[in-house]
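Everything below concerns the one structure shown next.
The values are calculated or read from the model by the stated rules, or taken from the named source; none is laboratory data. From a predicted model like this one, the values you see are computed outputs, not experimental measurements. Cβ placement follows ideal geometry from the backbone for every residue including glycine, while neighbour counts extend to all protein chains displayed.
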Amino acid sequence: MIKRAVCANCERPLKTCLCDVIVTMSCPYRVVILQDVKEAKHALSSAPILEKSIAGAIRIVGDHFDPDALVGPTWREDTLLVFPSDDVLTTELVLSKKFKNLILLDGTWRKVARLIHLNPWLSELPCMAIQSEMASQYKIRKSPREDGLSTIEAAVAALNSLSPEQDYSAILPAFYKMIDLQIEAMGPATYQKNYPS
């Protein structure tokens with residue numbers, strides 16, 4: 001089997017290279033993406049784009065994660081989980097706490113629930129409520145939740161709330177291009193059949 005040529009920068013097949021639209025922005029937080037092992041094999045995951053779009057962001061693939069090794073021994077005080085929860089902090093409260101690390105979980109809702117189950121320390125972290133006025137544009141994957149967002153969309157919503165002086169929406173065109181290229185490859189009829197509006 002002949003392997004497809006892959007772009008050394010964006011790590012996508014040359015035919016669907018996103019380098020012309022990837023923008024890298026600085027961020028006052030250390031963004032850490034914990035990605036489910038199976039999700040990492042999904043060619044249409046938004047996490048790799050997010051990792052390349054935020055300076056200093058890291059993506060770690062696995063099942064079990066050690067918080068001390070991941071973000072340091074003070075993780076209980078300076079780390080925030082971007083995830084919906086019954087007990088979330090308002091943006092004002094988040095800003096007053098001076099968090100240093102933002103953790104995002106990448107995978108389907110089922111995979112993310114599994115990650116939380118396997119890493120009970122994640123449940124100890126304070127959570128941030130995501131305020132997004134836009135519905136998800138992830139037109140090639142379905143979420144069981146109406147308010148479901150892709151990982152990159154959740155990160156943009158969180159960062160725009162916490163750093164209003166910058167508009168992190170500038171990193172989304174690479175995500176949109178990935179989606180458009182996939183829809184184009186599927187063809188309109190196949191896309192409409194699988195993802196009826």
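For region 6-18, a residue qualifies if it is closer than 20 Å to Met186 by Cα and outside any strand (DSSP E or B), and the qualifying residues are Arg12, Leu14, Lys15, Thr16, Cys17, Leu18. Contact map, region 13-27: residues that are touching a residue at least 40 places away in the same chain (Cβ under 8 Å) and closer than 20 Å to Lys41 by Cβ paired with residues that are among the polar types (S, T, N, Q) and surrounded by 13 or more Cβ atoms within 10 Å (Cβ to Cβ), Cβ distance under 9 Å, separation 6+ or inter-chain. Pairs shown: Thr16/Gln182. Looking only at residues of region 69-95 that are within 21 Å of Ala113 (Cα to Cα) and of a type in the set (D, E, K, R), we find that the one that is modelled with the highest pLDDT is Arg76. Reported count of residues in region 59-74, each being without any contact (Cβ under 8 Å) to a residue 40 or more places away in the chain, out of contact with any helix residue (DSSP H, G or I) (no Cβ under 6 Å at 6 or more places or on another chain) and of a type outside the set (Asp, Glu), is 7.
To keep it simple, each residue is scored yes or no on (1) farther than 19 Å from Met178 by Cα; (2) among the hydrophobic types (A, V, I, L, M, F, W, C); (3) at pLDDT below 95; (4) not in a helix (DSSP H, G or I).
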site: Ile103; (1), (2), (3), (4): yes, yes, no, yes
site: Lys111; (1), (2), (3), (4): yes, no, yes, no
site: His117; (1), (2), (3), (4): yes, no, no, no
site: Trp121; (1), (2), (3), (4): yes, yes, no, no
site: Ile130; (1), (2), (3), (4): yes, yes, yes, yes
site: Met134; (1), (2), (3), (4): no, yes, yes, yes
site: Gln137; (1), (2), (3), (4): no, no, yes, yes
site: Arg141; (1), (2), (3), (4): no, no, yes, yes
site: Gly148; (1), (2), (3), (4): no, no, yes, yes
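Looking at the structure I just gave you, is Ser85 of a type in the set (S, T, N, Q), under 22 Å from Lys177 (Cα atoms) and assigned to a loop (DSSP other than H, G, I, E, B)? No: the conditions fail for Ser85. Taken over region 35-48, the criterion of being among the hydrophobic types (A, V, I, L, M, F, W, C), out of contact with any Gly (no Cβ under 8 Å at 6 or more places or on another chain) and assigned to a helix (DSSP H, G or I) is satisfied by Ala40, Ala47. State whether the residues of region 54-77 include one that is of a type in the set (A, V, I, L, M), closer than 30 Å to Thr16 by Cα and loosely packed, with under 12 Cβ neighbours inside 10 Å. Scanning region 54-77 turns up at least one residue that is of a type in the set (A, V, I, L, M), closer than 30 Å to Thr16 by Cα and loosely packed, with under 12 Cβ neighbours inside 10 Å.
This table checks each residue for (1) small (Gly, Ala, Ser); (2) at positive phi; (3) not in a loop (DSSP other than H, G, I, E, B).
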position	(1), (2), (3)
Asp20	no, no, no
Ile33	no, no, yes
Leu50	no, no, yes
His64	no, no, no
Ala69	yes, no, yes
Arg76	no, no, yes
Leu80	no, no, yes
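Cβ-Cβ distances below 6 Å connect the following pairs, each with a first residue in region 90-111 that is under 16 Å from Ile33 (Cβ atoms), a second residue that is modelled with pLDDT of 90 or more and hydroxyl-bearing (Ser, Thr, Tyr), and a separation of six or more residues or different chains: Asn101/Thr79; Leu102/Tyr29; Leu104/Thr151; Asp106/Thr151.
Number of residues in region 71-105 that are over 16 Å from the mean Cα position of the chain (by Cα) and within 21 Å of Arg59 (Cβ to Cβ) equals 7.
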